[in-house]
Amino acid sequence: MEPPTLLIVFLILLLSPTEETEMNDAFEENFDKVMDTLAFDIQDFLPKPIERKQQAGQEGSMENLKTAVQLFHFFSKYLYKPEQYRFQRLISFTTCGSQGDIETIVQFKLLRQTPSKLSEMKKELHVYCSWIGYFRHNSPRKTLGSACYESKKVLHKYEVMLSKIDPCGEWIFEEPYTYRLGIPRHMSTAETHFPFYLPPGNPAPEITYMIDNNLELPQYTNFRTGMLGLGGLRYLGENLMRIPVILRKHGNFYKILLVRDYDRNKAEGPLPMFYKNPKPHKVRRPVPKESFEEYFHALVKPERKTICSKEKFRSALESAHTLFKNYFPHPQSTDNSWVTATVYLIFTKEEPCFNHISLSSEANYLHYEWELFNESAIRSLAALLSKVSPKEKLRELQFGAYPFSINSFGLTLLSIALVALAISTSPFGSLVSGSAQLIELFSSFLSYYYVKKLPDATNS
């Protein structure tokens, strides 16, 4: 029997993405203006364009909605007090692949009503859920992973972002090819309540060994990544990484050493990364190719090899200004394997050996090049960043990209480069003291700007 007309209208309303009703604040508007000016300069350093989800027709959308509602009923039995939850909206329904077992990623929103201690009215919470698995005849056959997290407010910008991206492309795990659960950066912290959290696993011999020997798996508890296991990093637990930002004077401005030709399908970006040697008991995979000092010493022109020794480059890194030293959202991270990165700011005026490297050398396999950006735009960026409190702004954010996606990783590394240039144009110290929060803030806004504008420009 066909559903009554009123029900059809109701279902169509459920399918419609939430309109973004909040007005952009002054910072976001000014940020967009600065990035519009920089768009031409940065286009060669951007990740691959975001693939837009193909919108299903009305009949297909209705079918997807019915399937999502069935999924909710199947899923709700795992929730504590399931009677408090009701299905509100299908946000995203995407099939990944076209042959064999086709994985499906479903995003939907629930409302949770709980008794209020202060009044007889029930408190309403917004619950965002992700599910990855297989369907058979529109019924869930196998769950690979699922999670739900709560928000006291409607995340309008987040829902709009979800309606635009392709989760199959954003949340793919490089090796083995599977998918993580996408959790936005500002909802992945330990303060967020997760009514349910059982993400996909990434099995590896290291994990099996520890389980078989009753050893406790390392776990990072401050953030949830939407993936368990070893991931694609070298070691279980903490992986230490060094990210150098190298600036060379050019007139009254600076050139920066960047990579245009990085692999957009892998965990790479415009700033190369070097692993520090791990603790001996954590070595389970091959040792990295070269250290920072080995790589740059190999690029030094022959007549300068003796003066610009490996020890000289190692000393340059150890004495450099530190922009950032903290947990870093690497796309191969899991809850059990993570990166702590240190970002260094190096000026060739202080370390002249970087002026004697040959970037045309075959040893420059990371494809470093000296790059020059629009000076006035960078100075405008520095002025904008100097007028904002990153701590307050981060607290206000109602949205966030998925920090563990390959695209977000490339944007984070580009953000580091642009913030470093902005710092170099300002009175030194005025921005550097809060550079870690500036990088996080800039990365969040750049990710949202990228979703709003840049894919359309790069596809045209």
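Every number here is computed from the coordinates shown, using simple stated rules; none is lab data. Worth saying up front: this structure is predicted, and the values here are computed from it rather than measured. Heads up, the Cβs are rebuilt from the backbone with ideal geometry, glycines too, and the neighbour counts pull from every protein chain shown.
For segment 231-389, build the convex hull from the C-alpha positions and give me its volume per residue in Å³. Kindly include the intermediate steps, with their values, before the conclusion.
Working: hull volume 23.9 nm³, N = 159.
Here the figure is 150 Å³ per residue.
Which value, in debye to the nearest 20, gives the size of the charge dipole of segment 58-164 about its Cα centre, when Lys and Arg are +1 and Asp and Glu are -1 at the Cβ? Don't skip to the end; give the middle numbers.
Details: 17 positive and 9 negative charges, 82 e Å.
I would put it at about 400 debye.
Label points 7 Å out from Cα along the Cβ direction at Glu303 and Lys325: separation in nm?
For Glu303 paired with Lys325, the spin-label model returns 3.8 nm.
Taking 0.36 nm per intervening residue step and subtracting the Cα-Cα distance, what contour gain separates Gln70 from Gln43 on full extension?
So the chain would gain 5.4 nm between Gln70 and Gln43.
For a distance above 17 Å, tell me the whole-number percent of Cα pairs in segment 320-364 that qualify. Provide the component values of the computation, followed by the final result.
Numbers: 573 of 990 pairs.
Distances greater than 17 Å cover 58 percent of the Cα pairs.
State which entries of Lys391/Lys452; Lys153/Lys452; Lys77/Lys152; Lys349/Lys453 exceed 32 angstrom in Cα-Cα distance in the structure shown.
Lys349/Lys453
If you take the beta carbon distance between Ser360 and Tyr209 as r and set R0 to 45 Å, what does 1/(1 + (r/R0)^6) give as a FRET efficiency, to the nearest 0.05?
The computed FRET efficiency comes out at 0.50.
Starting from the Cα of Asp261, step 7 Å along the direction of its Cβ; do the same at Ala383; then give the gap between the two resulting points in nm.
Taking the two extended label points, one gets 3.8 nm.
If each of Glu318 and Lys152 carries a label point 7 Å out from its Cα toward its Cβ, how far apart are those two points in nm?
Between Glu318 and Lys152, the simple spin-label model gives 4.8 nm.
Based only on other Cβ atoms within 10 Å, what is the fewest-to-most ordering of Met161, Met241?
Lowest count first: Met241, Met161.
Could you work out how much longer the chain between Lys164 and Gln88 gets when fully extended? Use 0.36 nm per residue separation minus the Cα distance between them, nm to one decimal.
Gain on stretching Lys164 to Gln88: 25.4 nm.
Out of Phe72, Tyr158, Ser116, whose Cα points farthest toward the positive end of the dipole of segment 58-164 (charges: +1 Lys, Arg; -1 Asp, Glu; placed on Cβ)?
The Cα lying farthest towards the positive end belongs to Ser116.
With 10 angstrom as the radius, rank Trp370, Trp131, Trp171 by how many other C-beta atoms surround their C-beta, starting from the fewest.
Trp370, Trp131, Trp171
Under the Kirkwood approximation applied to all pairs of distinct alpha-carbon atoms, what is the hydrodynamic radius of segment 58-164 in Å? Intermediate results must be reported in sequence, preceding the final value.
Values: mean 1/r = 0.0673 Å⁻¹.
That comes to 14.9 Å for segment 58-164.
May I ask you to sort Phe274, Phe404, Phe194 by Cβ crowding, counting other Cβ atoms within 10 Å and putting the fewest first?
With the fewest neighbours first, Phe274, Phe404, Phe194 line up as Phe194, Phe274, Phe404.
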